[in-house]
1. Where does each of B:Ile48, A:Ile12 land when they are ranked from fewest to most other beta-carbon atoms within 10 angstrom?
2. Could you work out the relative contact order of chain A, using alpha carbon pairs under 8 angstrom and six or more residues apart, expressed as a whole percent?
3. Within 10 Å of each residue's Cβ, count the other Cβ atoms and sort A:Val468, A:Val88 from fewest upward.
4. Over the stretch B:8-119, with a single point scatterer placed on each C-alpha, what log10 of the ratio I(q)/I(0) does the Debye formula yield at q = 0.10, 0.17, 0.20 1/Å?
5. Could you work out the Rg to Rh ratio of the stretch A:310-419, with Rh taken as the Kirkwood radius (inverse of the mean 1/r over all Cα pairs)?
6. How crowded by other chains is A:148-156, given as the mean number of beta carbons from other chains within 10 Å of each beta carbon?
7. What aspartates and glutamates does A:Lys404 reach when the alpha-carbon gap must be under 12 Å and sequence neighbours fewer than 8 apart in one chain are set aside?
8. Ranked highest first by average number of other Cβ atoms within 10 Å, how do A:376-383, A:211-218 line up?
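What follows is calculated from the coordinates using simple rules that are stated; it is not laboratory data. Note that the coordinates shown come from a computational prediction; the quantities given were computed from them, not determined experimentally. Quick reminder, even Gly has a Cβ in these numbers, built from the backbone with ideal geometry, and neighbours come from all protein chains shown.
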Amino acid sequence: MTNIEHDDAAIIIIGSGAGGGTLAYELTARGLPVVVLEAGSYLRNEDYVNDEWEAFNQMAWLDPRTTSGSWRIARDFPNLPAWIVKAVGGTTTHWSGATPRFKAHEFAARSTYGRIDGANLLDWPITLAELAPFYDKAEVAMGSTHVHGRKPLPANNNYKVFANGAERIGYKFYATGPYATNAEEYDGRPASVQDGFNFQGDKNKSKWSTLVREIPRAEATGLLDLRPECHVVQITHDASGRADAVLYLDKDGNLQRQSAKLVAVAANSIETPRLLLQSASPMFPDGLANSSGQVGRNYMRHTTGSVYARFNDPVRMHRGETMAGVIADESKHDPDRGFAGGYYLETLSLGPAFLASFGDPGAWGQGFTTILEAYANTAGLWIVGEDLPQESNRVTLNTTVSDKNGLPVPNVHFDDHINDIAMRDHGYTQAELLYEAVGSVGAQRTPPYPSTHNMGTSRMSERPEDGVVDKWGRAHDVPNLFISDGSVFTTGAAANPTLTIVALAIRQSEYIADQLKTGGI
Amino acid sequence: MAFPAKYPQLNETELTGEARSVLIRVIRVAFPHPSFPDGPYERTADTILREAENSTWFRVALTQGLLTLGHLAGGDFRDLNDEDATKVLRRIETTEFFGFIRRTTVLNLYDNEDVWEILGFEGPSFDKGGYVNRGFNDLDWLPEARIESYDGPEQLIEIATNVSVATVRGGESASASERDTSNQPGKRDATMTAVKK
């Protein structure tokens, strides 16, 4: 590993997850040295534990946050708006692994769905055709099953219930993937042992993460200066409005300054806008790169929900991959269903500890214990669909609450759009029909968990007045500032976001390398 | 809680053995699992008592709550049958007292192998080689399911054929040149306003 001097104007990447980790690898592979500042510690696969709460406390981003709005999270988990990871590798170390692509029309949501009251829809400044070659690269890098010759994952118990139910209600487009988890040895990593612990970190390294692929490969180039436990406080700029340094707290709490020639922010969709807002200055009074006023706005979390169905016979959903089944039939745009956009159904399993906490938050008594009593005979799935961007769904700085460093905490405000509610209700109903078709005797509608898909708070736009970054993720207002995570999503699409974050980061790395070579930055 | 100064016990911040036994009964009534032995409930009660030590607010709420539960029960809460005891708890379910017990129970009762085994969860599995050779696919009451992508004659229709582009909620098709957004009203916004009037 290299050491870059604090006075050397460096390429600085903030965050080491799907966006930051990928960008770090792609740039170092092109011979460019980078500093990666990661707020979390350097956990390794062998450090992970097969225990839901212990792993949560080991991996999750637990710095205080506040919430407001009518979403249930503000009542049930007021200080945990998002369930993401604080560690090297970021949330790729905890993600379930699903890798569907966006559809062509999902890059043109405004044109396709038309005007919808209360929604701040906008077309992406890029198309599927432009991103397709990078989707290919991302899928090959991540080892997505079902594509590029990768074998499908085998059917586990939860999938057998899911797929049989799908078939019986007339769904066609179901399979055990695509998932970025090895069904056979690939890329130097082994096949899944079906241990049933995904959200707790994959000890077996079968699931792709930047921890198992991009970070070690970037380290092997000798050009990566990875600094874990370094929490960035501010991006500073010079008189011309170019980013010139990053201020961060190191693991001992000392404030450090790293000189910058280029800054790429990939801190996930809550911390990224928080950092831009914390970087306000007389030249950028509303926050860095925020002349549009869109920093922190249009926060999206996907329309989600789960259904846990009970059967007379054993399912044992905890055995095997947590997620290894996708139904795409409802991912279409069909307003006859009563909403714009589409959703996927994906298998999901929780252990008793998490099912108790998230299955029906706030409940107790016989109705609650029925869910747990049926654990062994329960099958589960997750609804994940497009939610609509709204300007009022927003990350702001809460200056009345401080974190341990004395920094204002982010507040996350969220209200469902009526389109989101209609989609979720449709998903619940379809899931119940699916399970009834294979004999379920009862089902629990579980509300959205703390958000695992966080998007939109620094969105891409053609015009500087509509968003924060251009089609390369380059800030409209600051020429050497890039955003490299899901914050740049103009709209959320139905698909799980990680594949698209990785594809965009690969594409961005080519642009950055090219611009640095030609003096364009 | 509801009845302060009338009760000299209010100043009592040490929980008695009797309070612990009432607490165990509260947890069992609120989270009834006939198959659970006393152990998991006692363990959970002790966790709640330990957590109460760390917070004056919870300690005060818990102490007074347990002391006064008998008033709603018309005697000793522990003497009520399940149905009557549940009714009493329903009356206080929005109190800080009950909320503290509920939250702590949900987090702790189910986070221990003493109940996992009863519920049919097998705990950590990586050290045992996962389930790849231990029944990850042993469900036999349904047919085997296809795992590959669908390759039949139907195509996934991404946009329903009965929808012309941008007819959702009365919009009209927008070409790239006349796009607008809700925060940046443009030509199409004006059209929509006119329609509404």
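1. The most exposed by this proxy come first: B:Ile48, A:Ile12.
2. Numbers: 1308 pairs, mean separation 126.6, N = 521.
Over chain A, the number comes to 24 percent.
3. In increasing order of surrounding Cβ atoms, one gets A:Val88, A:Val468.
4. Debye curve over Cα of the stretch B:8-119, log10 I(q)/I(0) at q = 0.10, 0.17, 0.20 Å⁻¹: -0.27, -0.79, -1.09.
5. 1.08
6. Whole-number average of other-chain Cβ neighbours for A:148-156 is 3.
7. Leaving aside aspartates and glutamates fewer than 8 places away in the same chain, those within reach of A:Lys404 are A:Asp63.
8. On the way: A:376-383: 26.8, A:211-218: 23.2.
Ranking the peptides A:376-383, A:211-218 by packing returns A:376-383, A:211-218.
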